[in-house]
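The values are calculated or read from the model by the stated rules, or taken from the named source; none is laboratory data. Keep in mind that what you see is a predicted model, and the values were worked out from it rather than measured. Neighbour counts run over all protein chains shown; Cβ positions are idealised from the backbone, glycine included. Surface areas here come from the heavy atoms of the whole protein model, side chains and all, with no ligands, DNA or RNA. Shrake-Rupley method; radii C 1.70, N 1.55, O 1.52, S 1.80 Å.
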Amino acid sequence: MTHDHDLVLRPTAAQTEAALAPPAGRNGGDLVVETLSGLGATTVFGLPGQHALGMFDALRRSSLRYVGLRVENNAGFAADAYGRITGEAAPLLLSTGPGALMSLAALQEAAAASAPVLAIGSQVPSAGLGGGRHGYLHELRDQQASFRDIVKSVHVVRTASQIPSAIAAAWESALTAPHGPVWVEIPQDVLLAATTLPVVTAMDATPDDVVPRPELTAVAADLLSNAARPAIVAGGGVVRSDASGKLLALAEKLDAPVVTTFGGKGAFPWEHPLSLQSWLEDRHTTDFLESADVLLVVGSGLGELSSNYHTFAPRGRVIQIEADLGKLESNHPALGIHADARLALSALLETVSDREDPSAATSVRNVLEAVRARLDSQELTLEQRILASVREALPDDSPSFWDMTILAYWAWSAFDARRPNTMHSAQGAGGLGYGFPAALGAAAADPSRPVLAVSGDGGAMYSLAELATARQYGLPVTWLIVDDGGYGILREYMTDAFGEATATELARPDFVALAESFGVPAVRTSPESLSEDLAKAFARPGPSVVVLPALLRMFAPTHL
């Protein structure tokens, strides 16, 4: 009798010969890059440092493409975007101590946005480990501790033979729903030590699916089929699991209105009769969702932004589908279904009954008209005009990456992403500096289409060094910098709260001249010429910068 665990793949004669006589001159760093290649990686991001040189030297003996950025945090943002765009784990190679710590803000964003980043960092030599304070360069008492609160999992290597399995386990963790960043740590001497281990070949680190329990989907299907006023909130989990088609089919089968969260932009057609779009920071939308007798929340934890700053108080039954177990019922009591969005929506499609509600589309129109009327009363035509110009110029299939800036806050609610997985921002962790380096990562993933980055002048100052990266690799990123002379949203918050703003005004460079000094074409535009200037930039190969001097305002909040 043969058992599954008795089935072992037998090496061919050629594989045996290659394993017995591995190439000379390899070290622990080669095991790292060989494992990444064996797992299917093609591109790595990073920045070299003394303790990590074994990994970087091994890159020249591999087929991996290296994209090097100028700051570790920006390298992390680039890997984050690569992971979001491709759905693959994005390797990020880092050095010890300061280099590793510089990546933490980027890894926090990856964790908040469920982006699969595989960070591999070096450590001081093995003799310096254990917290003994030996005084090695870059030494930390417990480097892993700096990452444990941020990443999904930490994988520690102490010998060369541990490298392939540790990286494979990290890869699987990063790609298990919900996706997220992971940390692998390897001492300098292990990376540099010569190895006679065989070349690492193909490795299997396929994650298990997060499958919904059938008794839960049966209850959910019954609730939705018999609902009088169902509604759906679609979050980033729908985009990440490629479930937009399933969502559309379910909404149409139920005649249920759909609103997308800011992380779920593009998950549902913007102009569909059942689309409430993304107006979550609006009391009219909040009231409508509260009135639903059954609310299906897919791929969202209903956090601060998705709940109109925690003012949302549902009155009906809530069904929550979420791959992140810790987010189930974290904000509202619900029928919690721990599952990948695509698998759960597929199960619901097979079990819900058709229902017709001719009033659903009318209700959606009424909500959107009320939202428009509220905006029209605030004289915000400049902001809406600029956003429309960006939408007009940007090709439908081009991804866009938005920093924490007023125009991005508008885009969360008002921008039509048109396609799933094309609009991304730093609204997960909310740190500055995301837009431009993230766009570089997306362009590295697919250089065949232009990519848009949007920053304010304050956020742009975090990423100016990456103009050199964009130029070096010829990446087709158009960087729109909205220059209002300071931290515009903080200026507005402080003025509203305290009557005047402090520490928000900034000296800044001539962004056009600065970009041109890097060899990057740049232009100063106006609201009237923005669409045309952006279109020209998108049509040009390689990077470009478009600077828009403008003082924008946010629409009035409804949660206060």
Legend entry - Matching residues in segment 84-115 - criterion: being open to solvent by 30 Å² or more (accessible area, probe 1.4 Å) and among the small types (Gly, Ala, Ser): Gly87, Ala105, Ala111, Ala112
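Can you confirm whether Ala220 is surrounded by 15 or more Cβ atoms within 10 Å (Cβ to Cβ) and part of a helix (DSSP H, G or I)?
Values: surrounded by 15 or more Cβ atoms within 10 Å (Cβ to Cβ): yes; part of a helix (DSSP H, G or I): yes.
Yes.
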Legend entry - Residues within segment 223-247 that are within 23 Å of the chain's Cα centre (by Cα) and either assigned to a loop (DSSP other than H, G, I, E, B) or farther than 17 Å from Ser300 by Cβ (or both), tallied: 5
Inset, instruction - Taking Glu505 as the residue in question, decide whether it is touching a Gly at 6+ places or on another chain (Cβ under 9 Å) and either over 29 Å from Glu392 (Cα atoms) or open to solvent by less than 30 Å² (accessible area, probe 1.4 Å) (or both). - result: yes
Inset, instruction - For segment 84-181, please list each of the strands (runs of 3 or more DSSP E) lying entirely inside it that holds at least 2 residues being of a type in the set (Lys, Arg) and more than 15 Å from the chain's Cα centre (by Cα). - result: none
Legend entry - The one condition in (1) part of a loop (DSSP other than H, G, I, E, B); (2) open to solvent by less than 30 Å² (accessible area, probe 1.4 Å) that Trp270 fails to fulfil: (2)
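Would you check which residues across segment 431-448 are open to solvent by 10 Å² or more (accessible area, probe 1.4 Å), touching a helix residue (DSSP H, G or I) at 6+ places or on another chain (Cβ under 6 Å) and assigned to a loop (DSSP other than H, G, I, E, B) and list them?
Gly431, Leu432
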Legend entry - Only listed residue being crowded, with 22+ Cβ neighbours inside 10 Å, within 27 Å of the chain's Cα centre (by Cα) and of a type in the set (A, V, I, L, M), chosen from Val520, Val546: Val546
Inset, instruction - Search segment 281-295 for residues being open to solvent by less than 40 Å² (accessible area, probe 1.4 Å) and more than 26 Å from Asn226 (Cα to Cα), and hand back the single one that is farthest from the chain's Cα centre (by Cα). - result: Asp282
Inset, instruction - Within segment 190-207, identify whether any single residue is more than 25 Å from Ser63 (Cα to Cα), part of a loop (DSSP other than H, G, I, E, B) and in contact with an Asp or Glu (Cβ under 8 Å, 6 or more places away or on another chain), and answer yes or no. - result: no
Inset, instruction - Return yes or no: is Asp340 closer than 29 Å to Ile85 by Cα and either of a type in the set (D, E, K, R) or open to solvent by less than 10 Å² (accessible area, probe 1.4 Å) (or both)? - result: yes
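Quickly run through segment 411-430 and pick out the residues that are basic (Lys, Arg) and either within 28 Å of Thr42 (Cα to Cα) or open to solvent by less than 30 Å² (accessible area, probe 1.4 Å) (or both).
Within segment 411-430, Arg419 is the sole residue that qualifies.
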